[in-house]
Amino acid sequence: MNLLSGMWQWLTDPTNWTGTGAIPARMLEHVAYSGVVMLVAVLVAVPLGLLVGHTGRGAGVVIGVSGALRALPTLGLLTLFSLLMGLGLVPPLLALVILAVPPILTATYAGVAEVDPAVKDAAKAQGMTPGQVLGHVEVPLALPVAMGGIRNAALQVIATATVAAYINLGGLGRYLIDGLAVRDYSRMLGSVLLVAVLALAADAVLAALQRAVSSPGIRTSPTEK
Amino acid sequence: MGNHAISFREVRKTYPDGTTAVDDLTLDVPEGSLTVFVGPSGCGKTTSLRMINRMVEPTAGTVEVNGQDVSTVPEAQLRRSMGYVMQASGLLPHRTVVENISTVPRLLGQSKRAARERAEELLETIGLDRGLGGRYPSQLSGGQQQRVGVARALAADPPVLLMDEPFSAVDPVVRADLQRELLDLKQRLNKTIVFVTHDMDEAVLLGDRVAVFARGGRLAQYASPEKILREPADQFVSDFVGRDRGFRALSFDTHDIPLSGVLTVDGQGHTAEVGGPAGVTDWVLEVNSAGQPVGWVTSTQSAEITDQAHRVGGSLHHPGGSLRSALDAALSSPSGLAVAVDDDGRLLGVLRPQDVLEAIDKVRESRQ
Ligand SMILES: Nc1ncnc2c1ncn2[C@@H]1O[C@H](COP(=O)(O)OP(=O)(O)O)[C@@H](O)[C@H]1O
Ligand SMILES: [Mg+2]
C-alpha cells in the first residue's frame with residue numbers, strides 16, 4: 001500500500017513537474033523519440049507493404065524477415081548498435097525502428113493482399129491503370145488494416161522507448177534507471193504509469209485516425225475474411 | 001467487311017499451365033446485336049469475352065473491334081470504351097453507389113459534378129431509387145448490386161457492353177426482372193452486347209445470335225436461337241440444348257389457335273358475349289368502356305363486381321404470338337382461359353387450354 005501512496009506522492013510533488021529533468025520534459029522527450037521512430041518506420045514499412053501486396057512478389061521474404069526481426073530483443077540490438085556506432089541518438093532510434101517495422105509491414109501487406117480479387121479485377125476491367133488500382137482501390141481498402149499495425153507498433157515503441165535511458169539519454173525511462181539505482185520504487189512505478197498513460201493516449205489518437213481513413217462502406221468489418 | 005462490331009479471327013488462347021481455353025475461334029458479332037456465348041462451365045466463354053477488352057491476351061489470332069485490332073489500342077483506353085459487368089458485382093466497397101457508377105467518367109476526366117449527375121440519371125434508367133445513390137454496396141441486395149454494376153458499365157455510354165454471367169448469382173425472380181430490363185435497355189440504347197451465360201433458357205430469351213461453346217473451347221454452333229433449337233449442328237449441341245428443347249421451341253412457333261367466346265360484363269352491369277357463344281358460364285370477364293379486359297369474376301359474384309373482381313393479372317395473349325405465350329396466358333388465368341386481345345388491348349375472345357395443347361401437339365407431330 002505504501003508503494004502506491006509513494007507513487008502518488010511522487011506524481012503529485014510539484015517539484016517533479018518543473019525544471020529540466022522534470023516530468024513534462026521527460027514526457028516530451030519520450031514522445032519525440034517515439035514520434036521520430038514511428039515516422040521512419042511508417043515511411044519504410046507502408047510503401048514496402050503496399051508494393052509487396054500490389055505485386056504479390058516477395059511476400060514470403062517479407063513475412064519471414066518480419067518474423068525474424070520480431071524475435072530480436074530491442075535491448076540487445078541497442079547494445080550492439082551502441083558498440084558499433086558509439087553513443088548518441090541513432091542506436092536507440094534504430095533499434096526501435098526495427099521493433100516497429102514488422103507489425104506495420106505485415107499489416108499493410110495483409111491489408112492489400114486481402115482485397116477481394118474480383119474487386120481488383122473489376123477495377124482493372126473498367127480501365128484503371130495499375131497505379132490507379134493501387135491508389136483508388138488497394139490503398140483505401142488496406143489503410144484501415146495498416147492502421148491496426150501502426151497502432152500496434154506505436155504501443156510497443158512507447159513502452160520500449162524507455163531503453164533509451166540505458167545509454168544515458170532522456171525519456172521516461174530515465175526515472176526507471178535512476179529510480180532503480182537508488183531503489184526509489186515510487187519513482188519507478190510512477191514513470192511506468194506515465195508510460196502507460198502516454199501509450200493509451202497515443203492509441204486513442206491513432207484509433208480516431210483509423211476511423212477517419214476507413215470508409216463507412218467497410219467500417220463494419222475492416223478486417224473481414 | 002461491313003458492320004461487324006467485334007470479330008474474332010482464328011483466335012486461340014492457351015494458358016501458361018497448358019490449358020487451351022479457346023481453340024481457333026472465328027466469329028463475327030454484328031453491330032447493335034445482343035450475342036450470347038453459351039455453353040457448359042469451363043468451355044472458354046469468359047476467356048473469349050475477356051479477349052475483347054484485353055483482360056486476356058490471345059496466344060494466336062486477332063480480335064478486332066470496328067475493324068481495329070485491339071492489341072494496337074492501349075489497354076486502359078480500350079477498356080474504358082467498353083462496359084464490363086461480371087457475376088460478382090465487383091463494386092468498390094469503400095465507395096458509394098454514385099461514386100461507383102462515376103468510375104469510368106471520372107477516369108475519362110469528367111468533372112465530379114457532371115459524373116454525379118449522369119450517375120443519378122442512370123440510377124433511374126436501371127430502375128433504382130435515386131435515394132440509394134449515397135449507399136455503400138454492402139447496404140444493397142444482390143439484385144441491386146447487379147443493377148449498379150450495369151449502371152457503372154453504361155456510365156460512359158460505351159458502344160460495346162460485355163456481360164459475364166451478370167444475373168447468375170441473383171434469385172430467379174430478380175433474374176427475370178433483370179433480363180426483362182436488359183431487353184428493354186437494348187431497345188432503347190443502341191449497343192453491341194456480348195452476354196455470357198451457361199443457361200440455355202437465358203441464351204434463348206436474350207440472344208439475337210447464340211454461340212454455343214463446347215468443351216475445349218470449340219465453337220459448336222453460331223446461329224439464331226430458333227435455328228439452334230430446331231437444327232442443332234451436332235450431338236453436343238443437341239445434348240446441351242436438352243430434352244425440353246421442344247418446349248423451348250414453342251417460343252418461336254406462332255399458330256392461329258381458334259378463339260372461343262366469353263361472357264363479359266361492363267361497369268354498368270350489361271352483359272354480352274365476345275368472340276362467339278360463351279362455352280363457359282361460371283366465369284365472366286369484366287371489361288371497361290373501351291372493351292379492354294379488367295378482371296375475371298365468377299358469375300355468382302357479378303352483383304358486386306368492382307370489389308370482387310380478380311385482376312387479369314396473368315399474361316394476355318396476342319393472336320400471332322408464340323404457343324408458349326398462349327400456354328402461359330391460359331395457365332396464369334384464374335378461369336383457366338387465356339384472354340386474347342388485339343394490339344390496342346381490346347378483348348377478342350378467349351383461348352381454351354385444350355385448343356392450345358392441340359396446337360402444340362400438331363407442331364410436335366409435324367416435326368417428327
Ligand atoms: N488464368 C487461368 N489460368 C489457367 N487456366 C485458366 C485460367 N482461366 C481459365 N482457365 C481455364 O480455361 C478454361 C476455360 O475457362 P473459362 O474461359 O473461364 O470458361 P467458362 O467461362 O466457359 O466457364 C477452363 O478449363 C479453365 O480452368
Ligand atoms: Mg465463365
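The values are calculated or read from the model by the stated rules, or taken from the named source; none is laboratory data. Being a predicted model, the structure only gives us computed values, none of them experimental. With ideal geometry, Cβ positions are generated from the backbone for all residues, glycine too; neighbour counts draw on all protein chains shown. Each accessible area value is taken on the protein alone, full model and side chains, heavy atoms only, with ligands, DNA and RNA left out. Shrake-Rupley method; radii C 1.70, N 1.55, O 1.52, S 1.80 Å.
One residue stands out among those in the stretch B:178-200 that are surrounded by 15 or more Cβ atoms within 10 Å (Cβ to Cβ) and assigned to a helix (DSSP H, G or I): the one that is nearest to ligand 2 (Cβ to nearest atom), which is B:Met200.
Looking across the stretch B:133-153 at every residue that is open to solvent by less than 50 Å² (accessible area, probe 1.4 Å) and within 12 Å of another protein chain (Cβ to nearest Cβ), the one that is farthest from A:Leu141 (Cα to Cα) is identified as B:Ala153. Among the residues of the stretch B:24-50, the one identified as open to solvent by 70 Å² or more (accessible area, probe 1.4 Å) and within 16 Å of ligand 2 (Cβ to nearest atom) is B:Ser41. From the list A:Leu99, A:Leu89, A:Leu93, A:Leu39, the one residue that fits, being surrounded by fewer than 18 Cβ atoms within 10 Å (Cβ to Cβ) and in contact (Cβ under 8 Å) with a residue 24 or more places away in the chain, is A:Leu89. Among the residues here, B:Val104 does not qualify as surrounded by 22 or more Cβ atoms within 10 Å (Cβ to Cβ) and within 16 Å of ligand 2 (Cβ to nearest atom). Taking the criterion of being within 16 Å of ligand 1 (Cβ to nearest atom) and at pLDDT 95 or above, the only residue of the stretch B:85-95 that qualifies is B:Val85.
Note on the stretch B:264-276: residues that are under 36 Å from the mean Cα position of the chain (by Cα) and hydrophobic (A, V, I, L, M, F, W, C) amount to 1.
What about A:Ser34, is it modelled with pLDDT of 95 or more and under 18 Å from the mean Cα position of the chain (by Cα)? Yes, satisfied. For the stretch A:168-183, a residue qualifies if it is free of Cβ contacts under 8 Å to residues at least 24 places away in the same chain and open to solvent by less than 80 Å² (accessible area, probe 1.4 Å), and the qualifying residues are A:Leu176, A:Ile177, A:Asp178, A:Gly179. Checking each residue in the stretch B:318-343 for being open to solvent by 50 Å² or more (accessible area, probe 1.4 Å) and touching a residue at least 24 places away in the same chain (Cβ under 8 Å) picks out B:His318, B:Pro319, B:Arg324, B:Pro334, B:Asp343. Within the stretch B:52-68, the set of residues being buried (at least 19 other Cβ atoms within 10 Å of the Cβ) and touching an Asp or Glu at 6+ places or on another chain (Cβ under 7 Å) comprises B:Arg54 only. Screening the stretch A:55-167 for helices (runs of 4 or more DSSP H) wholly inside it with 3 or more residues that are in contact with a Ser or Thr (Cβ under 9 Å, 6 or more places away or on another chain) and within 24 Å of A:Ala208 (Cβ to Cβ) returns the ranges A:90-113, A:139-160.
Taking the stretch B:116-132 on its own, how many of its residues are more than 14 Å from chain A (Cβ to nearest Cβ) and part of a helix (DSSP H, G or I)? Here the count works out to 11.
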